[in-house]
Every structure is written in C-alpha cells, then in structure tokens.
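The values are calculated or read from the model by the stated rules, or taken from the named source; none is laboratory data. In this text the structure is predicted, and so the values were computed from the model without any measurement. Here the Cβ positions follow ideal geometry from the backbone for every residue, glycine too, while neighbour counts run over all protein chains shown. Remember, those area values only see protein heavy atoms, side chains included, never the ligands or the DNA or RNA. Shrake-Rupley method; radii C 1.70, N 1.55, O 1.52, S 1.80 Å.
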Amino acid sequence: MVAFNPEEFSVTYRHGATPTQPFLKRRYTLTYVSETDSLYLIIGASFAKDMLNEQRNELFGEWVHYKDTTALYVYVFIGDHHTDKSIQAIRYAIFNKEMPVLLTALRYGDHFFFRQMLDLDHAPIYVHYHSNYPEFHTICYMETPSVYETIKR
C-alpha cells in the first residue's frame with residue numbers, strides 16, 4: 001500500500017454510531033486485507049474485535065479526554081511473547097511506514113464527524129505500538145487529523 005485509494009475502502013457504522021455521533025465513545029477499527037489491497041473502517045461505540053484477522057493487520061482508535069485535553073489514541077499490535085522478534089521488527093517497520101496512509105483513511109472515512117467537530121480535527125494523534133520488546137513498544141506523536149485530509153470530498 002503506497003497511497004490511500006478511496007475505491008478500495010469502505011466505512012461501516014455500528015452500535016449506535018452515526019456519521020456525527022457519539023464523540024467520547026467513538027471507536028475506530030481499521031483493517032487491511034492484503035489479498036485485495038482493501039481497507040475497512042468500522043466506527044462504533046466499541047472496537048470491532050470480530051474483524052481481527054490472523055495477520056493482525058488492524059489498528060484501533062478512540063477519543064480520549066484527559067483533564068482539558070482531547071486526543072485521538074491509536075493502538076497497533078506489533079507482537080507478544082508468541083511473536084518472534086524478527087517478525088515484530090518487520091511489523092513495526094511496515095506500520096510506521098504505512099501509518100500516514102492509515103490515518104488518511106481514518107480521516108477520510110470519518111469526514112462528516114470532522115466537519116462537525118472542527119476542534120477535534122486539530123487534536124493531537126498518538127500511536128501506541130504494543131510489543132513485549134521495548135524498542136517496538138513505543139508511543140509516537142502523529143500531528144493532527146487535519147494533516148491527513150489530503151483528499152477533499
């Protein structure tokens with residue numbers, strides 16, 4: 001995946017989520033299917049754990065409000081004690097490289113929400129990579145959703 005392709009992308013709303021609501025209980029599950037080079041975004045009040053695949057090619061995101069700050073937290077599974085370190089290194093490198101494309105897909109898929117919640121389009125994004133190896137278990141600042149609005153609708 002080199003660039004985001006809207007033709008290989010779909011959005012589904014679940015569990016009471018609409019294009020503009022809710023805010024704090026809004027959760028994202030973005031899955032990538034390599035066989036079809038397709039991305040699927042599920043927006044709901046909970047993560048779409050039924051969409052997990054063997055390769056674990058998904059990310060989860062949610063809005064977190066702490067004190068006076070709201071941020072979009074994104075979680076990516078890199079590996080655990082069942083995953084070889086060399087595989088985790090590859091997954092970490094791929095997710096790091098592809099993260100701008102994935103965030104572009106998330107921003108594109110939830111454009112109605114961002115159009116209504118202008119302040120959140122400028123909220124910080126933090127990507128938390130989960131691994132049992134410290135070099136891959138990191139949190140990265142990825143600017144704001146507005147940075148990923150490369151495709152206008």
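Structure above, values below:
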read-out	value
In segment 132-153, the residues that are modelled with pLDDT of 95 or more and over 17 Å from the mean Cα position of the chain (by Cα)	132, 133, 134, 135, 136
Residue among 58, 35 that is under 18 Å from residue 4 (Cα atoms) and surrounded by fewer than 14 Cβ atoms within 10 Å (Cβ to Cβ)	35
Members of segment 65-124 that are out of contact with any Pro (no Cβ under 8 Å at 6 or more places or on another chain) and among the small types (Gly, Ala, Ser)	79, 86, 89, 93, 105, 109
Residue selected from segment 9-19 under the condition under 22 Å from residue 76 (Cβ atoms) and either without any contact (Cβ under 8 Å) to a residue 12 or more places away in the chain or small (Gly, Ala, Ser) (or both), by the criterion surrounded by the most Cβ atoms within 10 Å (Cβ to Cβ)	17
Test set (1) open to solvent by 50 Å² or more (accessible area, probe 1.4 Å); (2) over 24 Å from residue 138 (Cβ atoms); (3) without any contact (Cβ under 8 Å) to a residue 24 or more places away in the chain; (4) not aliphatic (A, V, I, L, M) - residue 22 fails condition number	(1)
Selected residue [of a type in the set (A, V, I, L, M) and within 15 Å of residue 32 (Cβ to Cβ)] from 78, 87	78
Elements of type strands (runs of 3 or more DSSP E) in segment 7-57, at least 3 residues being touching a helix residue (DSSP H, G or I) at 6+ places or on another chain (Cβ under 7 Å)	27-33, 38-44
Among residues of segment 61-92, those that are assigned to a loop (DSSP other than H, G, I, E, B) and either open to solvent by 70 Å² or more (accessible area, probe 1.4 Å) or not aliphatic (A, V, I, L, M) (or both), counted	8
Residue in segment 97-152 that is most open to solvent (accessible area, probe 1.4 Å), counting only those that are closer than 25 Å to residue 21 by Cβ, among the aromatic types (Phe, Trp, Tyr) and not in a strand (DSSP E or B)	112
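Let's see how each residue does on (1) among the aliphatic types (A, V, I, L, M); (2) farther than 25 Å from residue 14 by Cβ:
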residue	(1), (2)
39	yes, no
71	yes, no
78	yes, yes
82	no, yes
99	yes, no
137	no, yes
